[in-house]
Amino acid sequence: MKDDRLNNRFNSYQQSGSYVPPGKTFADQQTNMLSDTVKTQYRAEETANAVMSQLHGQRQQLQTANDDVWDMRQATEQTKRELRDLQAKYRQKKMRLYAWIAVLATIDLLLFYRLLRCRGSFFC
C-alpha cells in the first residue's frame, strides 16, 4: 500500500521538486526547469499566434458578411424606390385611361342623344 503511494506520479517525492538525482546539482536542476519554462512559453506563444490568426480570419469573414449585408440592404432600398416609381407610373397611366374612357363615354352619350333627337339620323 505504501509502495503504491510512492509510485503514484502525483505523490512521488521525485516530482515534489526537492529530489535531486545523483550526479545533478541544484544549478543543473534549475537550468533544466528554466529551459522547460522557456519551451512552455514558446509553445504558448505559438498557440496564441495560431489563435490570433484564426480570430483574424474569422473577423475578415464577419466583415465580408457585414459588407454583403450592407450591399444587399442598399440594393433592396434601390429596388423599393424603383417599384414605387413603377407603381406611380402605373397609377398615372391608369388615370389617363379612365379619363379617356370618360371622354369617350361622354361623346358616345352625346351621339346617342343626338340619334334619339334626330330620329336615327346624325344630321338634323
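The values are calculated or read from the model by the stated rules, or taken from the named source; none is laboratory data. These figures come from a predicted structure and were not determined experimentally. With ideal geometry, Cβ positions are generated from the backbone for all residues, glycine too; neighbour counts draw on all protein chains shown. SASA here: full protein model, heavy atoms, side chains in, ligands and nucleic acids out. Shrake-Rupley method; radii C 1.70, N 1.55, O 1.52, S 1.80 Å.
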Open item on the list: I'm trying to understand the selection: among the residues of the stretch 83-124, which are touching a Phe, Trp or Tyr at 6+ places or on another chain (Cβ under 8 Å) and loosely packed, with under 10 Cβ neighbours inside 10 Å?
Closed with: none
Open item on the list: Can you report the number of residues in the stretch 68-82 which are open to solvent by 100 Å² or more (accessible area, probe 1.4 Å) and among the aliphatic types (A, V, I, L, M)?
Closed with: 1
